Amino acid sequence: MEEYKKVIAGTFDTVAIGYDSSYLRFFPNCAKHLVTLLGLRGDESALDVACGTGHATLALAGCLERGRVTGLDFSPGMLEQARAKLATTGLRCDVELVQGDMQALPWRRHFDVATCAFGIFFVADMAGALAHIASAVKPKGKVAITCFAVNYMEPLRSLLVERLETGYGVLPTPPVWKLIANEEGCRKLFTVAGLGEVHVEQRQMGYFLPDAEAWWQVVWNAGFRRMLSGLAPEALARCREEHLREIAGLRTDDGVWMDVSVLFASGTVSG
C-alpha cells in the first residue's frame, strides 16, 4: 500500500506543472460547483482533502472571506503549484496548505465542512476513507466530493486504454472508481460511510477540444500519465502517433468532444 501511495504521489508530482492547463479546465469548473453544495455562510472552517493544485481550495477560499481553509495533499509538486497560485489571488481568507495523507488526517471534529474533488477513488476502501474525512468534520457539518461518471471521456479513454493494452501490454488498473460512477454507487458510499441527508447529482462538464493534440495534453498532464510511465521513449512516441491518429478521426467541425460526466455528492455528518 505504501508503495502504491508513492507511485500516485510521484505521478502527480510529474504532472503538476501542466495540471492547470486550459484543456483540463473541467477541474476548476467542477470545483466552483462543488462548493455550492455546502451552503456556506462565509465564516466556516473548511478542509479540502487531496487538494492537488488547489482548485477546490481556492473555490472555497473565495466563498469564505471570514473563514479559513486547509488544503491537504501528499504530492509536494501539486502543493508547490497550489502555493504559487494562492500567492497571486489576493484572497482575504486564511488558507493553509499541508502535505499529508488523506487516510491519516491529524484532525478530529475540527472543521465545519470538507471536500474531496476527484480523489476518493484513489483509495481501495473508499467508504473507510470518506468516513475518515467525515471524522474531521463537526457534527451536522457537510462533506462533498466529485467523481467521474461511468462513461466519462468516452470514447477517447477507451481508445487509449485499448491501444496501451493490446499494442504495448500495459494493463489497466483495477476499476475501483466504477463502484461510485453512478448515483446509486455514490449514495451507497455516503451511507456506508455513515453520512446522512445524501444528495447526488450528475452534470455534464465537457467541452470541445480543438484537435487530437489537445487530447494528448489532457492525457499527459493528468492521471492518465501513470499508464504511460513504463513505456520506453520509442514506444511512447509510436503509441502517441497511433493513438492521435485514432482521435483525429473523431474530430468534427467543432473539434473533438471530450465528455466529462461528473457526479457531485454531498452528505451530512451525524450528531
Review point. Helix 26-36 versus the longest principal axis of the chain: what is the Cα-based angle in degrees, 0 to 90, to the nearest 10?
Key: 20
Check your understanding: Taking neighbour Cβ counts within 10 Å as the exposure measure, how do Asp253, Asp48 sort from fewest upward?
Key -> Asp253, Asp48
Revision key, fill the gap. One can check that the equivalent ellipsoid of segment 64-209, built from the alpha-carbon gyration tensor with semi-axes equal to the square roots of five times its eigenvalues, has lengths in Å, largest first, of 29, 21, 16
Revision key, fill the gap. Simple spin-label estimate for Ser229/Thr173, 7 Å along Cα→Cβ, in nm, reads 0.9
Review point. What's the percent breakdown of Cα-Cα distances in segment 1-68 across 10 Å bins, shortest bin first?
Key: 20, 41, 27, 12, 0
Exercise for review: Could you list Asp259, Asp43 in order of exposure, starting from the residue whose Cβ has the fewest other Cβ atoms within 10 Å?
Suggested key: Asp43, Asp259
Study note, to complete from the structure: FRET efficiency (Leu244, Ala84; Cβ distance; R0 25 Å; to 0.05) is 0.25
Point to revise | Alpha-carbon centroid distance for the pair segment 146-197 / segment 31-66, whole angstrom | key: 25
Review point. In a GNM of the chain with a 10 Å cut-off on Cα contacts, which of Gly185, Gly90, Gly141 has the highest mean-square fluctuation?
Key: Gly90
**Study point:** Directionally averaged projected area (convex hull, Cα atoms, segment 6-145), nm²
**Key:** 7.7
**Study point:** In segment 166-253, trypsin sites (Lys or Arg not before Pro) in a DSSP loop with at most 16 other beta-carbon atoms within 10 Å
**Key:** Arg251
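No lab work stands behind these numbers, since they all come straight from the coordinates. These figures come from a predicted structure and were not determined experimentally. FYI the Cβ positions are ideal-geometry reconstructions off the backbone, even for glycines, and counts take in every protein chain you see.
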